[in-house]
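As structure tokens, the structure follows; a few thoughts come after it.
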Amino acid sequence: MSEKANIATVQESIPDKGKDVPVTAPVVDIYENDEEILLHADMPGVEKDKLTVHIDNGTLDITGLRGMKRNGAPDWEEFGDIEYRRTFSVPQTIDIEKIDAELKNGVLELHLPKSEAAKPRLIEIKKAA
């Protein structure tokens, strides 16, 4: 299986732990080039301190909690607290030390750089003596 297909194959269903907060998977776009895998996760309303990105043994876990501030007694509520969770399988060729994450306007941008050994390279052909 190619690395491109491998990262998007694992999305575990998360069992309900009896919380009042509903759990949903964020919408994600994944791009790959020779240098890195780039992941965009849509997590509106999640603050940086309520977001965790964890990678271990080929598994990437993204979790974020959006808590809504309430002013007064609710007459009608359709938009409330929510927990975003998503799990991916990532190739072992990712350079874990160089992973970079940025949260901007409710979108998590995660750069997963490939290790030097995993990057494509041009092989020089030498002239026979």
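The values are calculated or read from the model by the stated rules, or taken from the named source; none is laboratory data. Bear in mind the structure is a predicted one, so any value in this text is a computation, not a measurement. As a convention, Cβ positions derive from the backbone with ideal geometry for all residues, glycine included, and neighbour counts pool all protein chains shown.
Of the numbered criteria (1) among the charged types (D, E, K, R); (2) in a loop (DSSP other than H, G, I, E, B); (3) surrounded by 10 or more Cβ atoms within 10 Å (Cβ to Cβ), the one Glu109 fails is (2). In segment 16-37, is there at least one residue being at pLDDT 95 or above and touching a Pro at 6+ places or on another chain (Cβ under 7 Å)? Within segment 16-37, not a single residue is at pLDDT 95 or above and touching a Pro at 6+ places or on another chain (Cβ under 7 Å). Quick one: would you say Glu12 is modelled with pLDDT under 95, surrounded by 10 or more Cβ atoms within 10 Å (Cβ to Cβ) and either in a loop (DSSP other than H, G, I, E, B) or not β-branched (Val, Ile, Thr) (or both)? Criteria met by Glu12. For residues that are among the polar types (S, T, N, Q) and farther than 16 Å from Glu35 by Cα, scanning just segment 74-124, find the one that is nearest to the chain's Cα centre (by Cα). Per the stated criteria, the residue is Thr87.
Evaluated against (1) under 16 Å from the mean Cα position of the chain (by Cα); (2) surrounded by 14 or more Cβ atoms within 10 Å (Cβ to Cβ), Glu47 falls short on exactly one condition, (2).
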